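Chemist: Take a look at the following structure, please.
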Amino acid sequence: MCKDEILQLIEDEDIEFIRLQFVDMFGNLKNVAVTPCQMDRVLNNEYFFAGSALFDNLYRYDEELYLHPDLDSFVVLPWRPQQGRVGKFICDVCDADGNLLSLSPRTILKNTLEKVNQKGYTSIVDAECEFFLFHTDENGLPTVVAHERAGYMDVGPVDFGENARREMVLNLEEMGFEIESSHHEEAPAQHEIDFRQGECLKSADALTTFKFAVRSVAKRFGLYATFMPKPKMDIAGSGMHLNFFIKDKDGNNIFQTADKKQAKYFIGGILKYAKEMCAITNPTVNSYKRIISGFEAPNEINWSTKGENALVKLRRNFGETKVELRFPDPSANPYLALAVCMAAGIRGMEEKLDPDEVMKHQKGCEKHLPENLKDAICLMEKSEFMKSVLGKEFVELYVKLKKQEWRDYMLQVSDWEINRYLVKL
């Protein structure tokens, strides 16, 4: 869309608020809202904000940063009122000179994809995202209460979230998503919506919009949607499965060959760097409680054409051969997760990494993903691969802030510790 088309759409659709959205380094969605009278300023890339917001205010960044809206990302939010409607942009974060900021997650993905494109490839990603729908308390705050006993692919009335999930799908389709399917997942109150979005940057944008839409619609039903990987023990956690394939200059899927050679090399790269990527693909303390708990959550460095608990699967979906990554979870920043996964797969293709050979050279604990966030952070800190994808400055800052998160966690005294040790010791 061009500027004039957007201004005309704002007038025709009676849009009174426009949200300028971006994600911080951890994937949290941020935004400011402006009225139509500010659109000339917005479309001229003149809107600035305090840079610390890019780091969730955990790091002091004294420079002012600028929001450059991606004009093609403009969409009207269908769940908002028909009068006085709300639209939104996804924005790039830039410095005062108009340059893309190297510490911005969207910039990191763009830079990665530029290198992929220079090799003559286009990366395509579909996502399968799981989440929980819980009740809220009398103050509207989230709980972990569900009151349902539905399981995998159950239907209403056992599936209490069926109506909310249907409304989510309809709203997403109105926003341009192509929804493949939606269903109740394995755990009570757990749901999954699968969608096709295409090229990698568009898929990352779609994932941030998807989470925003799901939470917004859930609230209308008096529910809270959470993408926390493991909100309750003794039930399955939520994953964010990513399905990749690569197109050549002629638009052909290079994984779609009889020997699947390039697909296997892509898998080899993922297996080689999976442990080093975990601080990005599984970025929270809670992420590792999903990984080590079972329930088909993968933790062994392996691949398969069958089986639900493989780290990586080679599969056919809608007639396309794809590589499915099953270890990322929905707490991941989608821009960073797609950047490191794509870079690892492409490196595997360049180095012709046979996945079986990669597995053969791993011993002991090397055969498994990290058991906790601290171990994942240490692996990332030492990884030259991660620094080459994310940038040394980004890795150093991310590691610093994640180490503080781990320290904050270790200072907590849990109910489990009280119940186990208070009487005995």
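Chemist: Which residues, taken from region 274-293, are open to solvent by less than 30 Å² (accessible area, probe 1.4 Å) and over 18 Å from TRP406 (Cβ atoms)? Steps first, please.
Modeler: Initial filter on region 274-293 (open to solvent by less than 30 Å² (accessible area, probe 1.4 Å)): 274, 277-283, 285-288, 290-291.
Within region 274-293, ALA274 is the sole residue that qualifies.
Chemist: Out of PHE26, PHE17, I need the residue that is touching an Asp or Glu at 6+ places or on another chain (Cβ under 8 Å) and either in contact (Cβ under 8 Å) with a residue 24 or more places away in the chain or not in a strand (DSSP E or B) (or both). Which one?
Modeler: Details: PHE17 fails: touching an Asp or Glu at 6+ places or on another chain (Cβ under 8 Å).
Criteria check complete, one pass: PHE26.
Residue-by-condition table, conditions (1) at pLDDT 95 or above; (2) open to solvent by 60 Å² or more (accessible area, probe 1.4 Å):
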residue: GLU296; (1), (2): no, yes
residue: ALA310; (1), (2): no, no
residue: GLY319; (1), (2): no, no
residue: ALA332; (1), (2): yes, no
residue: TYR335; (1), (2): yes, no
residue: ILE346; (1), (2): yes, no
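Chemist: Give me the residue from region 371-425 that is assigned to a loop (DSSP other than H, G, I, E, B) and charged (D, E, K, R) and, out of that set, nearest to PRO283 (Cα to Cα).
Modeler: The extreme case among them is GLU371.
So that you can scan it fast, the table gives a plain yes or no per residue for (1) in contact with a helix residue (DSSP H, G or I) (Cβ under 8 Å, 6 or more places away or on another chain); (2) farther than 20 Å from PHE327 by Cβ; (3) at pLDDT 95 or above:
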site	(1), (2), (3)
VAL217	yes, yes, yes
PHE227	yes, no, yes
SER238	yes, no, yes
TYR288	yes, no, yes
ILE291	no, no, no
GLU300	yes, no, no
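Chemist: So for region 344-353 (the condition being under 27 Å from THR226 (Cα atoms) and hydrophobic (A, V, I, L, M, F, W, C)), does at least one residue qualify?
Modeler: Looking only at region 344-353, we keep the residues that are under 27 Å from THR226 (Cα atoms), and these are none.
Checked region 344-353: no residue is under 27 Å from THR226 (Cα atoms) and hydrophobic (A, V, I, L, M, F, W, C).
Chemist: Condition test on SER182, is it under 28 Å from ALA339 (Cβ atoms), touching an Asp or Glu at 6+ places or on another chain (Cβ under 8 Å) and not in a loop (DSSP other than H, G, I, E, B)? I'd like the intermediate steps shown before the answer.
Modeler: Numbers: under 28 Å from ALA339 (Cβ atoms): yes; touching an Asp or Glu at 6+ places or on another chain (Cβ under 8 Å): yes; not in a loop (DSSP other than H, G, I, E, B): yes.
Yes; evaluated as a whole, the condition is true for this residue.
Chemist: Next question, about the same structure. Would you mind telling me which numbered condition in (1) of a type outside the set (Gly, Ala, Ser); (2) open to solvent by 40 Å² or more (accessible area, probe 1.4 Å); (3) part of a loop (DSSP other than H, G, I, E, B) ILE235 fails?
Modeler: All conditions are met except number (2).
Chemist: Here's another thing I want to ask about it. So ASN45 clears everything in (1) within 18 Å of LEU100 (Cβ to Cβ); (2) part of a loop (DSSP other than H, G, I, E, B); (3) touching a residue at least 60 places away in the same chain (Cβ under 8 Å) except one condition, right? Which one?
Modeler: With (1) within 18 Å of LEU100 (Cβ to Cβ); (2) part of a loop (DSSP other than H, G, I, E, B); (3) touching a residue at least 60 places away in the same chain (Cβ under 8 Å) applied to ASN45, the lone miss is (3).
Chemist: I'd like to verify a number: residues in region 180-211 that are under 19 Å from the mean Cα position of the chain (by Cα) and open to solvent by less than 30 Å² (accessible area, probe 1.4 Å), how many? Don't jump to the end; show me each part of the working.
Modeler: Pass one, region 180-211, residues under 19 Å from the mean Cα position of the chain (by Cα): 180-182, 185, 190-211.
Retained after the next criterion (residues that are open to solvent by less than 30 Å² (accessible area, probe 1.4 Å)): 185, 190-195, 197-198, 200, 203-211.
Of the residues in region 180-211, 19 are under 19 Å from the mean Cα position of the chain (by Cα) and open to solvent by less than 30 Å² (accessible area, probe 1.4 Å).
Chemist: Determine, yes or no, whether TYR47 is open to solvent by less than 70 Å² (accessible area, probe 1.4 Å) and either of a type in the set (Asp, Glu) or in contact with a Gly (Cβ under 6 Å, 6 or more places away or on another chain) (or both).
Modeler: So TYR47 fails the test.
Chemist: With GLU366, GLU417 as the choices, which residue is farther than 24 Å from ASN117 by Cα, free of Cβ contacts under 8 Å to residues at least 24 places away in the same chain and acidic (Asp, Glu)?
Modeler: Working: GLU366 fails: free of Cβ contacts under 8 Å to residues at least 24 places away in the same chain.
Within the list GLU366, GLU417, the selection yields GLU417.
The values are calculated or read from the model by the stated rules, or taken from the named source; none is laboratory data. None of these values were measured; they are calculated from a predicted model. When we count neighbours, we look across all protein chains shown, and the Cβ atoms used for this are built from the backbone with ideal geometry, even at glycine. Accessible surface is based on the protein model in full, side chains and every heavy atom, while ligands, DNA and RNA are left aside. Shrake-Rupley method; radii C 1.70, N 1.55, O 1.52, S 1.80 Å.
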